[in-house]
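The values are calculated or read from the model by the stated rules, or taken from the named source; none is laboratory data. The shown structure was predicted, so the numbers you read here are calculated from the model rather than taken from an experiment. Cβ sites come from the backbone with ideal geometry, for glycine too, and all protein chains shown count toward neighbours.
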Amino acid sequence: KAGEPTTVTAANETAGLGRRVAAYLIDSTILLMLFVAALQTLAPNGSLSSATLSNERTAILGGLAGGAMQLVYFVLGWSLWKATPGQRILGISVVLEADAKAMSPMDAIVRWAVVQGPFALVSIVPLAISPIVFVAAAGWSAFLLYSTRADASCQGLHDHFLGTKVVVTG
């Protein structure tokens with residue numbers, strides 16, 4: 001039926017790194033637009049200024065809200081539909097390697113924490129140390145990207161840890 005997720009079988013082809021990265025960029029763009037819209041709505045007079053965003057407390061609260069939005073977005077996508085909107089656009093899904101079923105919500109939370117959690121952490125630490133945490137998060141992401149690219153089955157450390165694989169569905 002139209003609008004329903006594509007059926008995924010254990011025989012589905014593993015998605016390549018390019019498709020995975022492109023889906024992540026689409027998801028990040030969607031999340032950024034949602035986050036900016038939420039901030040505009042919550043900002044006094046509907047106006048965001050650099051002074052407002054540089055306030056430590058406001059930045060941390062905004063970071064918590066952004067992290068919560070990411071968590072809900074990815075966990076619901078992976079555990080309910082096997083794919084985020086960006087992944088669905090590009091015809092890929094995240095499934096359990098053993099039976100091609102969707103991850104449990106707890107596994108989806110752990111996957112999010114491993115993949116996106118370090119960047120969410122950047123947004124909630126004090127502004128003085130956020131550049132250091134950002135470099136560490138970028139290094140972690142580069143390592144996960146490398147582990148995915150170097151693996152014969154295109155499964156990163158996070159995929160092996162949770163027993164998941166990203167497959168082509170369309």
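Does region 130-170 hold any residues that are among the charged types (D, E, K, R) and surrounded by 15 or more Cβ atoms within 10 Å (Cβ to Cβ), and which are they? Can you show your working first?
Keep residues of region 130-170 that are among the charged types (D, E, K, R), which gives 149, 151, 159, 165.
Asp151, Asp159, Lys165, listed by residue number.
Give region 143-170 a look and list any residue that's charged (D, E, K, R), within 16 Å of Thr84 (Cβ to Cβ) and assigned to a helix (DSSP H, G or I), or say none.
First, the residues of region 143-170 that are charged (D, E, K, R): 149, 151, 159, 165.
Narrowing the set further to residues that are within 16 Å of Thr84 (Cβ to Cβ) leaves 159, 165.
Within region 143-170, just Asp159 meets the criteria.
Which of the following residues is under 21 Å from Phe35 (Cα atoms) and within 17 Å of the chain's Cα centre (by Cα): Phe161, Phe119, Phe143? Exactly one of Phe161, Phe119, Phe143 is under 21 Å from Phe35 (Cα atoms) and within 17 Å of the chain's Cα centre (by Cα), namely Phe119. Among the residues of region 20-37, which ones are surrounded by fewer than 16 Cβ atoms within 10 Å (Cβ to Cβ) and either outside any helix (DSSP H, G or I) or of a type in the set (Val, Ile, Thr) (or both)? Result: Val21, Thr29, Ile30, Val36. All conditions in (1) at pLDDT below 95; (2) over 14 Å from the mean Cα position of the chain (by Cα) hold for Ala102, with the sole exception of (1).
Going by the structure shown, is Thr6 modelled with pLDDT under 85 and of a type in the set (S, T, N, Q)? If you could, list the steps in order and put the result at the bottom.
Numbers: modelled with pLDDT under 85: yes; of a type in the set (S, T, N, Q): yes.
When the stated conditions are applied, Thr6 passes them.
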